[in-house]
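The values are calculated or read from the model by the stated rules, or taken from the named source; none is laboratory data. These figures come from a predicted structure and were not determined experimentally. Counting neighbours? That spans all protein chains shown, and the Cβs are built from the backbone with ideal geometry, glycine included. We work out accessible area using only protein heavy atoms, side chains counted, and drop any ligands, DNA or RNA first. Shrake-Rupley method; radii C 1.70, N 1.55, O 1.52, S 1.80 Å.
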Amino acid sequence: MVKLGVVIPAAGQGKRMGANINKQFIALSGQPILAHTLSLFEASEHVAEIVIVGSQEDLEMIGQLVQEQGFRKISSITRGGKERQESVFAGVKALSPAIQRVAVHDGARPLLTLKELNRFFTESEEFSAAIMAIPVKDTIKKVNAQGQVIETPARETLRAIQTPQIFERSLLEEAHQKAAEADLLFTDDAGLIEWLGYPVQTLDGSPENIKITTPEDLDFAESILAKRKR
């Protein structure tokens, strides 16, 4: 398998956590959330290098974390942009020229297991663009500006999207460049690829692969890790 480069956007400010620091540095089972995420990719045999993208004020703290934890695959700690999309593009450009495939994963999504991650990397090899996803459990309603229901999509056609998302590097760079020129913003990298008209393959994710955004998420993450230890 072609060795992968990984971009980790890690600029979340933790406002919904009620924290006065970047949520990536909040402790989860005794370690910063970001340390859990980086440890996962550090351990994967598929990963050749990792770029972390953070805000200017967090770069020094991220560097200290990397040094203290002894991570060896971190090739760059890069300053991000105002929007996540800009940050990811900066991270992609910071990867070594030899990297042909790029995975993007949220820094605050620390609960994937190594088995799940490596399975995703192996299954995604045949696709130019692939993303982790899980079926939705609830009925989803599309509403108008007044809150009135205008459509009820068939639940079996809906997926909740996670990261990592993986792409051929040339395709991802093309999508980011053209979106920047068109002054368009998307909520995830797969959206850029869809906008260009290329297919994006969904692959099985994990219900435990949550993004830690609120105190309730942190409590849930602690319970997941405690259960795994038992």
*On the protein heavy atoms, probe 1.4 angstrom, tell me the percent of accessible surface of the chain carried by carbon and sulfur.*
49
_Debye-sum result for the range 51-170 in log10 I(q)/I(0), which assumes one identical scatterer on each alpha carbon, at q = 0.11, 0.13, 0.14, 0.17 Å⁻¹_ = -0.53, -0.71, -0.79, -1.02
_Tensor-based shape of the range 1-115 (alpha-carbon gyration tensor, a/c under 1.5 rounded, otherwise prolate or oblate)_ = oblate
*Accessible area in the full protein assembly, largest first, 1.4 Å probe, for MET61, MET132*: MET61, MET132
*Cα-based shape type of the range 153-230, given that a ≥ b ≥ c are square roots of the gyration tensor eigenvalues and the cut on a/c is 1.5*: prolate
_Give me P(r) over the chain, computed from all C-alpha to C-alpha distances, binned every 5 Å, as integer percentages._
1, 6, 14, 18, 20, 18, 13, 7, 3, 1, 0
*What residue among VAL104, VAL143, VAL88 has the largest mean-square fluctuation in a Gaussian network model of the chain, using Cα springs under 10 Å?*
VAL143
*In the range 88-193, with Lys and Arg counted as +1 and Asp and Glu as -1 at Cβ, which of these residues, ALA129, ILE166, VAL149, has the Cα nearest the positive end of the dipole, that is, farthest along it?*
VAL149
*How large is the accessible surface per residue of the chain, computed with a 1.4 Å probe and reported in Å² as a whole number?*
51
*Hand me the chymotrypsin sites (Phe, Trp or Tyr not before Pro) from the range 1-105 located in a DSSP loop with no more than 15 other Cβ atoms within 10 Å, in residue order please.*
none
*Could you work out how far apart the two model spin labels at GLU174 and GLU151 are, taking each label as a point 7 Å from the Cα in the direction of the beta carbon, and quote it in nm?*
2.8
*Please tell me which of these pairs span more than 20 angstrom C-alpha to C-alpha: LYS82/LYS178; LYS178/LYS211; LYS23/LYS137; LYS23/LYS115; LYS137/LYS211?*
LYS178/LYS211; LYS23/LYS137; LYS23/LYS115
